[in-house]
Amino acid sequence: MSEPVTISFRLNNAQVSVTADPTAPLLDILRDTLHLTGTRYGCGQEQCGACLVLIDGQTAYACGRELATVAGHAVTTVEGLGTQDAPHPIQTAILAEQAGQCGYCLSGMQIAAAALLARTPSPSHAEIVAALDGNLCRCGAHPRILRAVARAAEMLA
């Protein structure tokens with residue numbers, strides 16, 4: 001355990017500073033210190049995608065990412081994708097397609113989908129599948145989630 005330091009970064013478009021162990025997992029800081037619980041702990045080994053966040057617009061696993069690595073960067077969690085009044089198209093599409101079952105994987109799926117849609121506004125089915133390949137869903141809701149990503153792309157077009 002390292003001596004606590006103050007790390008500053010942008011979180012969901014707001015500047016934040018956190019004083020903590022710089023080697024602490026970003027996921028722990030998001031959930032336990034900053035109380036943003038949408039990002040989930042799944043496997044803890046960067047294998048399931050439940051903990052995905054965006055760092056400077058790129059997907060990143062928060063469970064294995066040390067807090068110090070986000071200093072000066074922009075971090076977006078699922079809470080930062082949209083608001084209740086202005087949801088991100090992927091959030092609207094997931095509701096429209098009734099794509100969630102237990103919902104545990106959905107925060108990571110939304111992050112992966114938002115990253116895909118930002119770089120490829122009209123993705124093919126194969127591109128959607130590839131973008132979500134690292135996200136595990138034990139409920140079997142993948143077909144509905146894939147439809148939701150395609151619907152979100154249509155909404156953005």
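The values are calculated or read from the model by the stated rules, or taken from the named source; none is laboratory data. Only a predicted model underlies this, so the values are computations on that prediction, with no experimental measurement involved. Virtual Cβ from ideal backbone geometry, glycine too; neighbours counted across all protein chains shown.
Output the residues belonging to segment 67-104 that are in contact (Cβ under 8 Å) with a residue 40 or more places away in the chain and acidic (Asp, Glu).
Once the filter is applied, which keeps residues that are in contact (Cβ under 8 Å) with a residue 40 or more places away in the chain and acidic (Asp, Glu), segment 67-104 yields Glu79, Glu97.
Conditions (1) touching a residue at least 40 places away in the same chain (Cβ under 8 Å); (2) over 29 Å from Ile145 (Cα atoms); (3) among the small types (Gly, Ala, Ser), marked per residue:
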site	(1), (2), (3)
Met1	no, yes, no
Phe9	yes, yes, no
Pro22	yes, yes, no
Cys48	yes, no, no
Val53	yes, no, no
Asp56	no, no, no
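Would you mention how many residues in segment 56-68 are of a type outside the set (Ser, Thr, Tyr), more than 13 Å from Leu30 (Cα to Cα) and in a strand (DSSP E or B)?
Qualifying residue count, segment 56-68: 2.
Kindly list the number of the only condition in (1) of a type in the set (Lys, Arg); (2) in contact with a helix residue (DSSP H, G or I) (Cβ under 7 Å, 6 or more places away or on another chain); (3) more than 18 Å from Met109 (Cβ to Cβ) that fails for Arg40.
(3)
Could you please tell me which pairs satisfy a Cβ distance under 6 Å, a separation of 6+ or placement on different chains, a first residue in segment 131-154 that is in contact (Cβ under 8 Å) with a residue 24 or more places away in the chain, and a second residue that is crowded, with 22+ Cβ neighbours inside 10 Å and of a type in the set (Val, Ile, Thr)?
That search, which allows pairs on different chains as well, returns Ala148/Ile94; Val149/Ile128; Ala152/Ile90.
Of the residues in segment 11-25, how many are buried (at least 17 other Cβ atoms within 10 Å of the Cβ) and assigned to a strand (DSSP E or B)?
The total comes to 4.
Can you name the residue in segment 69-104 that is surrounded by 16 or more Cβ atoms within 10 Å (Cβ to Cβ), assigned to a loop (DSSP other than H, G, I, E, B) and of a type in the set (A, V, I, L, M) and is also modelled with the highest pLDDT among such residues?
Leu81
Collect the residues in segment 105-130 that are over 18 Å from Thr77 (Cβ atoms) and either assigned to a helix (DSSP H, G or I) or in contact (Cβ under 8 Å) with a residue 60 or more places away in the chain (or both), keeping them in residue-number order. Reasoning before the result, please.
If we filter segment 105-130 for residues that are over 18 Å from Thr77 (Cβ atoms), which is where we start, we get 119-130.
Across segment 105-130, the qualifying residues are Arg119, His125, Ala126, Glu127, Ile128, Val129, Ala130.
Name the residues in segment 34-56 that are within 11 Å of Thr77 (Cα to Cα) and of a type outside the set (A, V, I, L, M, F, W, C), would you?
Thr37, Gly38, Thr39, Arg40 - these are the residues of segment 34-56 that are within 11 Å of Thr77 (Cα to Cα) and of a type outside the set (A, V, I, L, M, F, W, C).
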